[in-house]
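Have a look at the structure below, then the notes.
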Amino acid sequence: MSTIKKILLRIIENLGGFQLLRSIKKNDPVVLMYHRILKDDFVNGLAPQEFEKQIAYISKHFNVVSIEDLLRDAKNNCVKPYSLALTFDDGHNDFYTHAWPILKKYNFPASLYITTGFIDGTTWLWPDLLKYILLNSNTAILKVENLGDISTHKTEHHISWHKLGDHCLTLSTDARNSLLYKLADDAKISVSETPQPPFHSVTWPQLQEMHREGLVVGSHTVTHPILSSLAIENLHYELAASASAIQQHLGATPIGICYPNGRPEDISEAVIKAAELSGYTYGLMGRYSRFNNTRIFNIGRIAANKDFFYFKWTLARRKQDIPSSYIQ
Ligand SMILES: [Zn+2]
C-alpha cells in the first residue's frame, strides 16, 4: 500500500469510515485465515504479540463463531451480524505454543487444518524444506535449470525462496521433490525425514489435548499437494487417509477440508466431488471470495495480514488482493 493511500485511509478510519464500512457489510461473514504465529527473522509468521492485538481487535468488533456454527446459521438463514470464524492451516508447533493459549484466553472457537503426514513426522511441507535448504546451505550459489543462479546469502534468501517457490508451484509433486533433494545435495546438507525446528509440527498428543479443550481439527491432506493436479487415486488417498488419521488419533471424523495452496485453479470439480465422497461437508480456499451459502466447498477466506492497519482495512472492506503465486 502506498504511503499516500495509507495516510488517506488513516483519515477515513479516524472519521469512522472503517466502522461505517463494517456495519454496511455486517451480514457478510468473514472467514479469517492464519498460518504461523511466531516471531522469527527468517520464517514468515505473525508475532504472538501482534496476533493477540488482532484477536483483541476482533473481540471488540466481531462476533466470533466456529465455522460449523456459521455454516449451520447460513443454512437456517440466521447468520449473526459481524460473524467471523478463525481458521489456521498446516499444523506447525507454534499453534500449540503461541496461538492456542491466546484463543483460550479469549474463549474463541477455532479450527486447525492439519497435514497429517507432517504431524506424523514423515513429511516436510515443501515451502519449509525449501527455506531450510536456503538457510542451511553450505554453498553461496545454487544453480537451477531454467532459473539460473540462486543466492543463498541471508540477505537474499527471502527473494530466492519466492523465486524457487514460484517455480516449484509449476512442477508436479515428483518433479518438485527431485528438485528439492537435488538442491539439498548441491547445498551439501543432509535433510532429516522429520522436519526440524522451527519447521516442526504440533504433535498428536498436543492435538488430543487441544481437541479435548474444544479445538476443531480438519484436514489439509496427507502431504499438502495441489489437489487438482493429482491422478484420481492419489486425490482419494490424500482426502481419505488424512480423514482416517484424524479419526484414529482424535476419535472425531473431520468434516472440513482445507485445500493446499487454495487458489481457485487448485480446486477443480473433480476435487470437490472427491471431497464430498470422502465425507467432507465443506471446503476452504486460500483466497477471498464473498461467503455464499450455495458454494460451501469453495469458502473464501481473508488472510490475516501482518500489518495491523492493513488487517483492519481488509476486515472493514471484506476484500483482499493476493498475488496468484503466493505460497501457503
Ligand atoms: Zn497449507
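Key figures for this structure:
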item: Check on Lys306, surrounded by 18 or more Cβ atoms within 10 Å (Cβ to Cβ), closer than 20 Å to Gly45 by Cα and not polar (S, T, N, Q); result: no
item: Residue match in region 108-123 (condition: at pLDDT 95 or above, touching a Lys or Arg at 6+ places or on another chain (Cβ under 9 Å) and farther than 29 Å from Phe309 by Cα); result: no
item: Residue in region 218-245 that is nearest to the ligand (Cβ to nearest atom), counting only those that are within 30 Å of Asn107 (Cα to Cα) and surrounded by fewer than 23 Cβ atoms within 10 Å (Cβ to Cβ); result: Ala245
item: Meets criteria (more than 25 Å from Gln49 (Cα to Cα), outside the structural domain of Met33 (by TED's automatic domain parsing), in contact with a Lys or Arg (Cβ under 8 Å, 6 or more places away or on another chain) and of a type in the set (Ser, Thr, Tyr)) for Ser137; result: yes
item: Subset of region 246-260 that is under 21 Å from Thr194 (Cβ atoms) and surrounded by 20 or more Cβ atoms within 10 Å (Cβ to Cβ) - its residue that is nearest to the ligand (Cβ to nearest atom); result: Pro260
item: Leading residue by the ranking (modelled with the highest pLDDT) among those in region 261-278 that are surrounded by 23 or more Cβ atoms within 10 Å (Cβ to Cβ) and within 14 Å of the ligand (Cβ to nearest atom); result: Ile267
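The values are calculated or read from the model by the stated rules, or taken from the named source; none is laboratory data. Note that the structure is predicted; figures quoted are calculated from it, not measured. Here Cβ is always computed from backbone atoms with ideal geometry, including for glycine, and neighbour counts include all displayed protein chains.
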